[in-house]
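The values are calculated or read from the model by the stated rules, or taken from the named source; none is laboratory data. Computed from a predicted structure; not experimentally measured. FYI the Cβ positions are ideal-geometry reconstructions off the backbone, even for glycines, and counts take in every protein chain you see.
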Amino acid sequence: MQVAGNAFRTAPGPGGGGLQRDGTISWGDPGTVFSVYFHVDRPAELKLSINARTKAGRSTLATSVGEKRFSTVIEGTKLADRKIGQVRVAKAGYVRVDFKGLKRTADVYAAIGSLRVSSDTAGLVVDYVKTNKGSMFYWGRRGPSVHLRYEVPRGRKLRYAYTEITVPSGQDPIGSFFMANGFGEGYFGFQVNGPKERRVLFSVWSPFKTNNPRDIPKDQRITALASGPKVHVGKFGNEGSGGQSYLVYPWKAGKCYRFLTEVKPDGRGNTVYTSWFGDKAADEWRLIASFRRPKTNTDLRGFHSFLESFSPVHGYIGRRALYGNVWVRDVEGQWHECTRARFSVDPTGGGRHRLDFAGGARDGRFYLRNCGFFNETGRPGATFMRTSTANGQPKIKFVEAAGQR
């Protein structure tokens with residue numbers, strides 16, 4: 001298995017240093033550890049070797065698999081197979097193989113191109129990121145994205161989506177996007193953008209399909225109608241293009257936050273999308289932004305949530321979120337509780353490149369979990385049902401006032 005899609009720097013912490021353009025990992029810091037992960041579907045005896053070389057001279061690498069330790073001498077400047085040893089894996093699940101430098105005569109310990117795993121165990125299936133087709137080494141290192149598609153009342157025109165999210169303590173690594181209110185034309189949630197920066201993000205796609213915002217014709221551009229204090233409004237690309245807004249906001253794991261999105265046709269062939277965010281305990285609402293999408297006449301549709309990792313170097317660290325008290329409100333002013341949701345995963349999980357994804361319902365809330373190479377795999381297409389929180393029906397004064405106009 002190629003390290004370009006399956007290895008992470010896990011010590012002294014996540015980072016891109018050591019990942020080379022030629023697809024190898026190479027390092028000279030004695031404190032650095034690179035970890036390769038793969039999944040086995042049953043107990044097995046495994047034989048391990050690496051395809052590696054030195055820059056010059058002679059090096060010694062330490063390899064660890066659980067409690068088992070190996071020492072491997074690397075000599076030669078051409079990539080060649082180097083035997084590590086044999087390990088027994090006692091149960092199905094993910095296997096972590098750590099590489100650390102012990103001795104070197106050049107400025108780097110080694111360059112490793114791949115880890116080879118062989119076994120005489122009958123029927124053994126080994127899963128990992130096997131190919132870079134479609135840039136899967138990048139997507140595989142980011143990790144699988146997981147989604148909840150909410151069941152909403154049929155035959156009703158819907159105006160508002162409401163979701164509450166709690167991220168458990170310790171489940172908020174850098175690169176996490178906890179998306180609350182997804183709809184047919186955009187999404188709304190919050191992110192961990194860095195060690196000292198977190199954002200609330202609301203985006204609406206243009207009806208013109210392009211990854212370059214500059215290509216959008218004037219009559220198909222998203223127009224910002226309003227935004228809250230300190231909210232940045234701009235354009236985005238690379239995943240479709242449109243209007244984007246974000247608020248730098250120090251949200252915290254362990255606290256419950258609420259998200260409200262309105263989708264309202266303006267009667268002139270456009271639809272206006274407006275989102276608000278707030279700390280539930282503080283009973284606050286903050287306007288994030290209001291966007292007008294041209295050539296669009298729609299009510300709320302495709303209501304969903306998702307969880308993703310957008311940082312490849314952090315893709316080995318797990319994250320989890322609780323999605324509770326989910327509701328929609330129709331154009332007649334009636335709230336409807338969403339207690340059923342269908343689970344899905346992106347091609348990274350669907351193609352078995354990564355199997356560390358799950359979802360479910362517990363204690364009145366849905367949950368989503370991904371990354372971390374944990375030994376549970378959700379079933380795409382499964383439907384989850386949470387217990388009702390009917391006494392938690394949203395009571396939002398400005399929504400009620402708007403409904404009376």
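All of (1) surrounded by fewer than 15 Cβ atoms within 10 Å (Cβ to Cβ); (2) among the small types (G, A, S); (3) in contact with a helix residue (DSSP H, G or I) (Cβ under 8 Å, 6 or more places away or on another chain) hold for G175 with one exception: (1).
When V129, V146, V125 are screened for being over 30 Å from I50 (Cβ atoms) and among the aliphatic types (A, V, I, L, M), only V146 passes. Strands (runs of 3 or more DSSP E) fully within the range 83-156 that include at least 2 residues being closer than 28 Å to V73 by Cα and not assigned by TED's automatic domain parsing to the domain that holds R342: 93-104, 110-118. Only one entry in A358, A402 is in contact with a strand residue (DSSP E or B) (Cβ under 6 Å, 6 or more places away or on another chain) and either touching a residue at least 60 places away in the same chain (Cβ under 8 Å) or hydrophobic (A, V, I, L, M, F, W, C) (or both), namely A358. Screening the range 1-54 for residues that are closer than 21 Å to K83 by Cβ and assigned to a loop (DSSP other than H, G, I, E, B) and picking the one that is farthest from the chain's Cα centre (by Cα) gives T54.
Scoring A224 on the criteria (1) buried (at least 19 other Cβ atoms within 10 Å of the Cβ); (2) touching a residue at least 24 places away in the same chain (Cβ under 8 Å); (3) touching a strand residue (DSSP E or B) at 6+ places or on another chain (Cβ under 9 Å) leaves a single failure, condition (1). For the range 85-102, indicate whether the set of residues that are touching a Pro at 6+ places or on another chain (Cβ under 8 Å), more than 21 Å from H314 (Cα to Cα) and buried (at least 20 other Cβ atoms within 10 Å of the Cβ) is non-empty. Yes, the range 85-102 contains at least one residue that is touching a Pro at 6+ places or on another chain (Cβ under 8 Å), more than 21 Å from H314 (Cα to Cα) and buried (at least 20 other Cβ atoms within 10 Å of the Cβ).
When the residues of the range 352-388 are filtered to those that are basic (K, R) and touching a Ser or Thr at 6+ places or on another chain (Cβ under 6 Å), the one that is nearest to G315 (Cα to Cα) is R354.
Total residues in the range 61-78 satisfying the condition of being over 16 Å from V36 (Cα atoms) and either buried (at least 17 other Cβ atoms within 10 Å of the Cβ) or not assigned by TED's automatic domain parsing to the domain that holds G31 (or both): the figure is 2. Among the numbered conditions (1) touching a residue at least 60 places away in the same chain (Cβ under 8 Å); (2) in contact with a helix residue (DSSP H, G or I) (Cβ under 9 Å, 6 or more places away or on another chain), the only one that T166 does not meet is (2). When V73, V36 are checked against the criterion of being touching a helix residue (DSSP H, G or I) at 6+ places or on another chain (Cβ under 9 Å) and either of a type outside the set (A, V, I, L, M, F, W, C) or closer than 26 Å to G13 by Cα (or both), a single residue qualifies: V36.
Residue-wise test of (1) out of contact with any Ser or Thr (no Cβ under 9 Å at 6 or more places or on another chain); (2) surrounded by fewer than 19 Cβ atoms within 10 Å (Cβ to Cβ); (3) acidic (D, E).
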| residue | (1), (2), (3) |
| --- | --- |
| S26 | yes, no, no |
| G31 | yes, yes, no |
| Y37 | yes, no, no |
| A44 | no, no, no |
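Taken as a whole, the structure leaves G359 outside the set of residues that are on the phi > 0 side of the Ramachandran plot and at pLDDT 95 or above. Of all residues in the range 357-405, how many are surrounded by 15 or more Cβ atoms within 10 Å (Cβ to Cβ) and among the hydroxyl-bearing types (S, T, Y)? Final tally of qualifying residues: 3.
Taking the listed residues A282, A289, the one that is aliphatic (A, V, I, L, M) and surrounded by fewer than 19 Cβ atoms within 10 Å (Cβ to Cβ) is A282, with no other qualifying. E262 passes every criterion in (1) in contact (Cβ under 8 Å) with a residue 60 or more places away in the chain; (2) on the phi < 0 side of the Ramachandran plot; (3) not in a strand (DSSP E or B) apart from (3).
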